[in-house]
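The values are calculated or read from the model by the stated rules, or taken from the named source; none is laboratory data. Treat the numbers as computed from the prediction; the structure is a model and nothing was measured. Cβ atoms come from the backbone with ideal geometry, glycine included; neighbour counts cover every protein chain shown. Heavy atoms of the whole protein, side chains included, go into the accessibility calculation; ligands, DNA and RNA do not. Shrake-Rupley method; radii C 1.70, N 1.55, O 1.52, S 1.80 Å.
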Amino acid sequence: MSDIYESAANSLGLFSSPCLTKVELRLTCKGISDRDALSKPDPCIVLNMKSHGQWMEVDRTEVIRSCVNPTYSKVFTLDFYFEEVQRLRFELYDINSSHNGLKEADFLGSVECTLGQIISQRKLSKALLRPGGTVGKAIITITAEELTGNDDYVELSFSARKLDDKDFFSKSDPFLEIYRLNDDATLQLVYRTETVMNNLNPVWKTFKVSLNSLCSGDHERKLQCTVWDWDSNGKHDYIGEFEATFKEMRGAIDGRQVQWPCINPKYKVKKKNYKNSGIVILNQCKIIKMHSFLDYIMGGCQIQFTVAIDFTASNGDPRNSCSLHYIHPYQPNEYLKALVAVGEICQDYDSDKMFPAFGFGAQIPPDYKVSHDFAVNFNEENPECAGIQGVVEAYQACLPKLQLYGPTNIAPIIQKVAKTASQEVHTKEAMQYFILLILTDGVITDMADTREAIVQASHLPMSIIIVGVGNADFSDMQMLDGDDGILRSPKGEPVLRDIVQFVPFRNFKHASPAALAKSVLAEVPNQVVDYYNSKGIKPKVSSEYQSSRPFGP
């Protein structure tokens, strides 16, 4: 094992706290009360996990329209640590139909438990506590299943033709549900497609599902597939069903189509010349081999770490002891604390230990024009600093030479790193992944441009960590973090991947630097894996890597 990997793994606590297993959680709810007499709720469940005393959102289910007893197809995948108490909170919301975020949603109640409790019981049912702490009538059921070492995913593309028309004034609005037949003869929802409106020949979007979820790794396990005609009141009309196995689905691997007649058993009995209620076609089946974060790191993928520091006037005059940029002889300021905590972990993944460091929001010498992406060492040709210590020294040296100014524009620095990351895309290899750490004290003034820049960066091998320094209102940052629904560009384009992690430094003022680093870097391994897996880029094998590019000192 290479030294760089070992030191990185140790600093991230990968050896001291081994993940025992990955666990998949599936959710259903029963008896959600109608808060609005005129319509049924549109429920969504948000999963939060407690980390260093703070509740952090981990994931959320899809929204199911007009439903009081939802079964969610979204699966939560969590790492289970035996020696840790992993506290979870499941929050139920009624989502406003015109706005998918939580700001406009009605909070219906929550349930708290530990991951250990769910795993030990396999199926945990609890009554939701309503706002105010009273026990409600709604029951949430959480089912846990251990991932059995088969982490491969399957990509499936379904369509149908000549489905039965169930609507008087228009055509059916079909969606497809796939259920797995469990060993105890119960059915488990694996996936629910989107609804294709007014179409008897729908083409549903390609989707990905783990082989474990689909058939528990058993290629001959029966799958029940049902086609419905969607209805806005939640009472969907049954079109028909068929049975399949993954073994049959694999027939579509080479681009051949596999098809099944969609049968309505009642029609089969009643109608003499009944053939089917349509044909469902599998156009493509692709097995995606999933690789881990450590596979990529051990294959030589380097983390390219870039720092961007906020030098706007709202930080206060650096000569004043109240300033966020004040350099105390014995006590590092919040900027330095955050930089060192995150940087010391990231540097273990970078063999040359040279880090570009940029500033934004200041007037810089010699002509004192405002810049939003200047090199902190004032060397635009080579903005790299030697190690985290080099970044610290360049930061301290530049402060007396700058005029703090404004506004707080961060899009230029995101675009600058994205431009470098975009060159990596063409290599089709997992060699460099970029992390941009933005340290800022306030409200972003170029929010529209920043959203656009993040959406574009989500297509690249890149993650963005934002640490909020000081006591400003950081609610805009929470939006960038995707905490209130999927982040979209001003034109409405959604992010391809969630690449932004925001943390206010004040939450960690009295915690260890490791606690801050663990919180802001928790998402990075998954973001790295998601990017390369989505592009079908495999990690290099260690021997292959070492022969082409040796580690630096």
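Annotation: of all residues in region 235-273 being acidic (Asp, Glu) and in contact with a Lys or Arg (Cβ under 8 Å, 6 or more places away or on another chain), the one that is nearest to ASP173 (Cα to Cα) is ASP237.
Within this structure, LYS416 fails the test of being open to solvent by 10 Å² or more (accessible area, probe 1.4 Å), in contact (Cβ under 8 Å) with a residue 40 or more places away in the chain and on the phi > 0 side of the Ramachandran plot. Determine whether ILE279 is open to solvent by 10 Å² or more (accessible area, probe 1.4 Å), in contact (Cβ under 8 Å) with a residue 60 or more places away in the chain, β-branched (Val, Ile, Thr) and in the same structural domain as ALA160 (by the TED database). Yes; evaluated as a whole, the condition is true for this residue. If the condition is being open to solvent by less than 40 Å² (accessible area, probe 1.4 Å) and acidic (Asp, Glu), then region 220-231 contributes only ASP229. Among the residues of region 349-362, are any touching a helix residue (DSSP H, G or I) at 6+ places or on another chain (Cβ under 6 Å) and open to solvent by 20 Å² or more (accessible area, probe 1.4 Å)? There is at least one residue in region 349-362 that is touching a helix residue (DSSP H, G or I) at 6+ places or on another chain (Cβ under 6 Å) and open to solvent by 20 Å² or more (accessible area, probe 1.4 Å).
The residue pairs whose first member lies in region 97-110 and is modelled with pLDDT of 75 or more, whose second member is basic (Lys, Arg) and open to solvent by less than 90 Å² (accessible area, probe 1.4 Å), and whose beta carbons are closer than 7 Å, counting only pairs six or more residues apart or on different chains, are SER110/ARG89. Scanning region 178-219 for residues that are open to solvent by less than 30 Å² (accessible area, probe 1.4 Å) and among the hydrophobic types (A, V, I, L, M, F, W, C) gives ILE178, LEU189, VAL190, VAL196, TRP204, PHE207, VAL209, LEU211, LEU214, CYS215. Based on what the data block shows, is TYR274 in a loop (DSSP other than H, G, I, E, B), more than 23 Å from VAL190 (Cβ to Cβ) and more than 28 Å from the chain's Cα centre (by Cα)? Against the criterion (in a loop (DSSP other than H, G, I, E, B), more than 23 Å from VAL190 (Cβ to Cβ) and more than 28 Å from the chain's Cα centre (by Cα)), TYR274 qualifies. Every residue in region 69-96 that is touching a residue at least 40 places away in the same chain (Cβ under 8 Å) and either among the β-branched types (Val, Ile, Thr) or not assigned by the TED database to the domain that holds SER120 (or both), please. Passing the criteria: THR71, VAL75, THR77, ILE95.
Please enumerate the residues belonging to region 35-50 that are open to solvent by less than 80 Å² (accessible area, probe 1.4 Å) and at pLDDT below 80. Passing the criteria: ASP36, SER39. The conditions of being open to solvent by less than 10 Å² (accessible area, probe 1.4 Å), at pLDDT below 95 and not acidic (Asp, Glu) are not met by ILE297. The strands (runs of 3 or more DSSP E) falling completely within region 427-536 include none with 1 or more residues that are open to solvent by 70 Å² or more (accessible area, probe 1.4 Å). If you go through region 159-180 and pick out every residue that is under 30 Å from ASN212 (Cβ atoms) and small (Gly, Ala, Ser), you end up with 2.
Filtering region 300-335 to residues that are open to solvent by less than 60 Å² (accessible area, probe 1.4 Å) and among the acidic types (Asp, Glu) leaves ASP310, GLU334. Taking region 385-394 as the range and being open to solvent by less than 70 Å² (accessible area, probe 1.4 Å) and not hydrophobic (A, V, I, L, M, F, W, C) as the test, the residues that pass are GLY387, GLY390.
Could you list all residues from region 232-249 that are within 21 Å of TYR72 (Cβ to Cβ), touching a strand residue (DSSP E or B) at 6+ places or on another chain (Cβ under 7 Å) and exposed (fewer than 15 other Cβ atoms within 10 Å of the Cβ)? Full working, then the answer.
First, pick out the residues of region 232-249 that are within 21 Å of TYR72 (Cβ to Cβ): 232-236, 238, 241.
Among the residues that remain, those that are also touching a strand residue (DSSP E or B) at 6+ places or on another chain (Cβ under 7 Å) are: 236, 238, 241.
Matches in region 232-249: none.
Residues in region 144-177 that are surrounded by fewer than 19 Cβ atoms within 10 Å (Cβ to Cβ) and either out of contact with any strand residue (DSSP E or B) (no Cβ under 8 Å at 6 or more places or on another chain) or polar (S, T, N, Q) (or both): THR148, GLY149, ASN150, SER157, SER159, ASP165, PHE168, PHE169, SER170, LYS171.
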